[in-house]
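Have a look at the structure below before the remarks.
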Amino acid sequence: MSFDPTAAEPDRHAAPPAAGRPLRIGVGGPVGSGKTALVAALCRALADLELAVVTNDIYTTEDAEFLRRAGVLDPARIEAVQTGCCPHTAIRDDITANLDAVEALAERFPALRLVIIESGGDNLTAVFSRGLVDHQIFVVDVAGGDKVPRKGGPGVTTADLLVINKTDLAPLVGADLDVMSGDAHRVRGGLPVVLQSLVDTPGAPAVAEWVRARLAAVTTG
Amino acid sequence: MSVLALMLADSRFPGGGHAHSGGLEEAAARGLVRTEADLPAFLSGRLRTAGVLAAVFAAAAAHSAAGRVDNWSTLDEELDARTPSSAQRSASRAQGRATARAAAAMAVPSVDNVCGSTLRVLLAATPRPHHAIVLGAVIASPPDAALVAAYLSVSGPASASVRLLGLDPLRVNGSLAALEPLLRSVAADAAASAALDPAALPAPGAPALDLLAEEHDRHHREEVRLFAS
């Protein structure tokens, strides 16, 4: 639909990432949903790739420290940015600090193929700007309540991949995984959903496979 | 004032300003600013020092842009020499580069015709230009550029105080509005000095703000800080 009678229909096809720059994938989601643990798992699972990480934790260096301590990535491949108390602003409204961090990493590692940008913990409306990331993963967890997918919000409904995390906790917190999965598929209109537990599968195989498929699409596209 | 100048002064302009507190975070961490009552003194102090310096160089850069004078390297060096804190130089250059990036993406005739080429010449001379110089190069009107630079020197810390200390946004906004006479006079003085030889431009100093900026940078490496400066 066009709202401008003088204009042609807008182009619905997303532009592929600019040639010669690494693919950027955002990982967002509420506080404590397991974003950093997922990023650490991805770093291990994708260790064969040239990758780097930008963290946006509200306490800026916390997540970077977690990743450094976990020893999953050379510290030179981790950049932390300050978000001025507004994690959603830094990934959506004013992506300056994150662009600077991505560019710094790309300059430092010219062969870089993938940059994972982890947002600070935020609410269900926080999504990454398409000017910052090519694809985004939204992470919610079963302990946050099994109504979260039904509530929707741009993160849950529009992210390229929704991860329902910590499924091993479902029996302990009385969360119904069938309800969560069913609601998630219903509000997402066909976009993919992964249910995972990093306790059961520490390598996050389904998410890692999804990321590799995005990379392959760039290479062949 | 041009729409472009209004956009550059808008706190929603995507030039990275939201992550800079202009020393307010360090001042708050030290208990120097606690309540709405403490804010006016901080803001007017910043405006009379860092704000004057930014306004002076924004006006001088606007004068160069309007007259197509390529003295960008000289202006850059002169502003560097007037910014003794390394942390403040970094913060200024980070915002300058981001503002240039955002301005270059504004593919409208006013940008392309008036300042597109200026911006290219500026970036060729100084790839990471100071914020005030980019403002002047883009706005190209000394009084407007000076007013925008002066305003931004206080609007950023004011917004940071709301986010860091939970101050009443309405009262904070009132404190900003109360600065209008001072903002006007700072901008007028800066515009009056715009045509001076860069070496002769005013050089106001704020040792306390310099020290706060350096301390902020040091603490940032040791513990949690939410703002880049």
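Restricting attention to the range A:38-47, does a residue exist that is under 24 Å from B:Glu25 (Cβ atoms) and either at pLDDT below 75 or in contact with an Asp or Glu (Cβ under 9 Å, 6 or more places away or on another chain) (or both)? Spell out how you get there, then give the answer.
Applying the first criterion (under 24 Å from B:Glu25 (Cβ atoms)) to the range A:38-47 yields none.
Within the range A:38-47 (the criterion being under 24 Å from B:Glu25 (Cβ atoms) and either at pLDDT below 75 or in contact with an Asp or Glu (Cβ under 9 Å, 6 or more places away or on another chain) (or both)), the answer is no, since none of the residues qualifies.
Summed over the range A:99-118, residues that are within 14 Å of chain B (Cβ to nearest Cβ) and either among the aromatic types (Phe, Trp, Tyr) or more than 21 Å from B:Gly22 (Cβ to Cβ) (or both) total 6. Restricting attention to the range B:68-86, does a residue exist that is of a type outside the set (Gly, Ala, Ser), within 14 Å of chain A (Cβ to nearest Cβ) and open to solvent by less than 20 Å² (accessible area, probe 1.4 Å)? Within the range B:68-86, none of the residues are of a type outside the set (Gly, Ala, Ser), within 14 Å of chain A (Cβ to nearest Cβ) and open to solvent by less than 20 Å² (accessible area, probe 1.4 Å). In this structure, B:Ser185 qualifies as of a type in the set (S, T, N, Q) and under 17 Å from the mean Cα position of the chain (by Cα). Residue check: A:Leu124 meets all listed conditions (1) touching an Asp or Glu at 6+ places or on another chain (Cβ under 9 Å); (2) in contact (Cβ under 8 Å) with a residue 24 or more places away in the chain; (3) open to solvent by 30 Å² or more (accessible area, probe 1.4 Å) but one, namely (1). Of the helices (runs of 4 or more DSSP H) entirely within the range B:159-223, those holding at least 2 residues that are basic (Lys, Arg) and open to solvent by 50 Å² or more (accessible area, probe 1.4 Å) occupy B:207-222.
If you filter the range B:8-58 down to residues that are without any contact (Cβ under 8 Å) to a residue 24 or more places away in the chain and assigned to a helix (DSSP H, G or I), you find that the one that is farthest from B:Asp168 (Cα to Cα) is B:Ala41. Within the range A:127-138, the residues that satisfy the criterion of being open to solvent by 30 Å² or more (accessible area, probe 1.4 Å) and within 14 Å of chain B (Cβ to nearest Cβ) are A:Arg130, A:Gly131.
Can we say A:Leu169 is open to solvent by 30 Å² or more (accessible area, probe 1.4 Å) and more than 14 Å from chain B (Cβ to nearest Cβ)? I'd like the intermediate steps shown before the answer.
Working: open to solvent by 30 Å² or more (accessible area, probe 1.4 Å): yes; more than 14 Å from chain B (Cβ to nearest Cβ): yes.
So A:Leu169 passes the test.
Selection over the range A:172-221 of residues that are part of a helix (DSSP H, G or I), among the hydrophobic types (A, V, I, L, M, F, W, C) and open to solvent by 70 Å² or more (accessible area, probe 1.4 Å) gives a count of 2.
The condition (being among the small types (Gly, Ala, Ser), more than 11 Å from chain B (Cβ to nearest Cβ) and assigned to a loop (DSSP other than H, G, I, E, B)) is satisfied by just one residue among A:Ala64, A:Ala47: A:Ala47.
The values are calculated or read from the model by the stated rules, or taken from the named source; none is laboratory data. Since the model is a prediction, treat every value here as computed from it, not as a measurement. Note: ideal-geometry Cβ built from the backbone for every residue, glycine included; neighbour counts use all protein chains shown. All accessible areas refer to the heavy atoms of the entire protein, side chains included, with ligands and DNA or RNA removed. Shrake-Rupley method; radii C 1.70, N 1.55, O 1.52, S 1.80 Å.
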